[in-house]
Each structure stands twice: as C-alpha cells, then as structure tokens.
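A.B. asks: The structure is given below, and queries will be raised subsequently.
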Amino acid sequence: MNGLALYEPSAPASWRVALPHSAAAVPVARALVRTALAELEHGSDTDTAELLTAELVANAVEHTSGGAPIELVVELQPTGCKVEVHDPDPAPPGDLTRPAAGMPDPWQEHGRGLLLIRALSSACGHRPTESGKAVWFRLAAVPRQRGPRPA
C-alpha cells in the first residue's frame, strides 16, 4: 500500500417511526424529517422534504382504513435522502411515474399531492410491502451555504 487512504462514504443513517392513523401524524412526520436533515453535513432542502413528507403522510391517513399505524422511514445518505411512508393498503397511490394520464386539476382542492411529489423530488415511486405498500421520494443533497451571503 502506498499510504493513500481510500474514501468510503459514511453508511446511511435511518429513522423508522410508527405514526398514529390520524391528522396528528403530519406534524410529527414533518418534525422528524426536519430533525433528521439537520444532522446532515450536506442536507437536502428541508422545506421541500417536509412538504413532500406531509403530502405522503396525509395521503396515507386519508386513503387507508384507520386500524393500522402508518410508518415513516427516513434514510440519509451522502447523496441526499429517501423518505418512505408505509401503509396497510396494497393499492397503488395513483401513478407517480407518468404525469400524463389522470392528471389532477391544479385548481382543485384535492389531488395535487402526487403532482407535487413528482415535480419536486429527484425520484419517486411506490412498492409493495408484506403488509401493504411503501410510497417514497428522494431528494438530492445540496451544499450548505457557509458564512453570510453577499449583498
């Protein structure tokens, strides 16, 4: 060996928490994502992560039956973050990957959550789980600003 150290990115950190099947889950999920992202050296956009997490959790509460809890999983990696919301309903959440067919009317009160997730995340989708499904999005890391911004 010539004395050079190999750089290995740190292992991902993750949080997993069960949330109540109620509207109270939304602020709890936002706070968890905010706290998790604050621990990154190069964090993803916290405001966007909170908004998209709130949309996923609100959809899970609204569109699934109230018995089982919802699970939030936040995974932090050197390249950004991945947020998943697990719920007991195996039915897909609409089509996160194709923006054309079945597009919600942007002027309607409901139906814009998946549109926001598609537009603001670097990737998104859903997958089946043993107990239902997981709906997820990824956000890329952005460098933190250092020092005061020029005027």
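The values are calculated or read from the model by the stated rules, or taken from the named source; none is laboratory data. Since the model is a prediction, treat every value here as computed from it, not as a measurement. FYI the Cβ positions are ideal-geometry reconstructions off the backbone, even for glycines, and counts take in every protein chain you see. Areas reflect the complete protein model, heavy atoms only, side chains present, ligands, DNA and RNA absent. Shrake-Rupley method; radii C 1.70, N 1.55, O 1.52, S 1.80 Å.
A.B. asks: Could you calculate the contour length gain from ALA91 to GLU130, that is, 0.36 nm times the residue separation minus the distance between their Cα atoms, to one decimal place in nm?
C.D. replies: Stretched fully, the ALA91-GLU130 segment lengthens by 12.8 nm.
A.B. asks: Something else about it: With a 1.4 Å probe and all protein chains in place, put THR35, THR46, THR53 in order of accessible area, largest first.
C.D. replies: THR35, THR46, THR53
A.B. asks: Apply 1/(1 + (r/R0)^6) to the Cβ-Cβ distance of ALA140 and VAL17, taking R0 = 25 Å, and write down the FRET efficiency to the nearest 0.05.
C.D. replies: E between ALA140 and VAL17, to the nearest 0.05, is 0.60.
A.B. asks: Then there's this: Fully extended, how many nm does the chain gain between ALA119 and THR48 (0.36 nm per residue separation, minus their Cα-Cα distance)?
C.D. replies: Contour length minus the Cα-Cα distance gives 24.5 nm.
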